[in-house]
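Visitor: Structure provided below as structure tokens; questions to follow.
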Amino acid sequence: MIVDDLKNFDKYLNINPDFKKVSDFIKDNNLLDMQTGRHEIDGDKIYVNIDEYSTKTDSIPEAHRNYIDIQIVLKGHEKIGYSPLKDALSTEVEYNPEKDIEFIKANCDFIKANPDRFFIFTPDDIHQPCITDGDVSEIKKAVFKVKILDR
């Protein structure tokens with residue numbers, strides 16, 4: 001997992017060559033004004049899901065096998081839990097290859113997410129988004145999905 005100020009995103013472009021397309025998309029679009037739903041950047045290789053929801057007190061941690069998540073809260077604030085995949089306690093819901101998601105029981109550490117930060121989660125990371133940080137918050141979030149190159 002990587003968490004940093006959004007203004008520093010370009011410092012991480014060397015992690016994956018497709019991160020440059022994500023950076024360009026962020027610079028060329030007003031994410032806050034985008035409609036909810038999936039927006040393709042490079043077909044199934046790179047896309048962004050724009051979502052709106054209310055935070056909640058609990059959720060089941062999740063992990064992905066074929067995509068890196070780059071999560072940016074555009075409006076509101078939440079906590080996002082993190083745990084290394086190697087520390088998973090058990091599988092709650094088996095892996096769904098069509099949705100590239102599995103739900104995992106894990107003891108997560110939490111970090112505050114707000115519009116000034118971004119989070120990068122790789123397939124080695126468990127993450128638990130959407131968690132209330134104090135009062136319930138109305139969230140608008142961009143989740144960029146970047147396909148792992150060697151898969």
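The values are calculated or read from the model by the stated rules, or taken from the named source; none is laboratory data. Since this is a predicted model, take the numbers as computed values, not measurements. Because the Cβ atoms are built from the backbone with ideal geometry, glycine has one as well, and the counts that use them run over all protein chains shown. Note: accessible area is taken over every heavy atom of the protein model, side chains too, but ligands, DNA and RNA are not part of it. Shrake-Rupley method; radii C 1.70, N 1.55, O 1.52, S 1.80 Å.
Visitor: Of the residues that make up region 76-85, is at least one of a type outside the set (S, T, N, Q), assigned to a helix (DSSP H, G or I) and open to solvent by 30 Å² or more (accessible area, probe 1.4 Å)?
Guide: yes
Visitor: Given the conditions (1) open to solvent by less than 50 Å² (accessible area, probe 1.4 Å); (2) part of a strand (DSSP E or B); (3) not aliphatic (A, V, I, L, M), and given that Pro123 satisfies all but one, which numbered condition is not satisfied?
Guide: (2)
Visitor: Same structure, new question: Before we move on, is Arg65 farther than 25 Å from Lys112 by Cβ, touching a Pro at 6+ places or on another chain (Cβ under 9 Å), open to solvent by 30 Å² or more (accessible area, probe 1.4 Å) and not in a helix (DSSP H, G or I)?
Guide: Yes, satisfied.
Visitor: Select from region 1-47 the residues that are of a type in the set (Asp, Glu) and either within 25 Å of Ile111 (Cα to Cα) or in contact (Cβ under 8 Å) with a residue 12 or more places away in the chain (or both) and list them in ascending order.
Guide: Of everything in region 1-47, those that are of a type in the set (Asp, Glu) and either within 25 Å of Ile111 (Cα to Cα) or in contact (Cβ under 8 Å) with a residue 12 or more places away in the chain (or both) turn out to be Asp4, Asp5, Asp10, Asp18, Asp42, Asp44.
Visitor: I would also like to ask the following. Within the group Ile15, Ile41, Ile60, which residue is surrounded by fewer than 19 Cβ atoms within 10 Å (Cβ to Cβ) and touching a helix residue (DSSP H, G or I) at 6+ places or on another chain (Cβ under 6 Å)?
Guide: Only one candidate qualifies: Ile41.
Visitor: Let me ask you something else. Which of the residues spanning region 44-57 are in contact with a Lys or Arg (Cβ under 9 Å, 6 or more places away or on another chain) and surrounded by 12 or more Cβ atoms within 10 Å (Cβ to Cβ)?
Guide: Lys45, Ile46, Tyr47, Val48, Asn49, Ile50, Asp51, Glu52, Tyr53, Thr55
Visitor: Name the residue, out of Asp109, Asp124, that is charged (D, E, K, R), under 19 Å from Leu85 (Cα atoms) and in contact (Cβ under 8 Å) with a residue 40 or more places away in the chain.
Guide: Of the residues listed, the single one that is charged (D, E, K, R), under 19 Å from Leu85 (Cα atoms) and in contact (Cβ under 8 Å) with a residue 40 or more places away in the chain is Asp124.
Visitor: Quick one: would you say Glu92 is open to solvent by less than 20 Å² (accessible area, probe 1.4 Å) and either in contact with an Asp or Glu (Cβ under 6 Å, 6 or more places away or on another chain) or without any contact (Cβ under 8 Å) to a residue 60 or more places away in the chain (or both)?
Guide: Taking the combined requirement at face value, the residue does not satisfy it.
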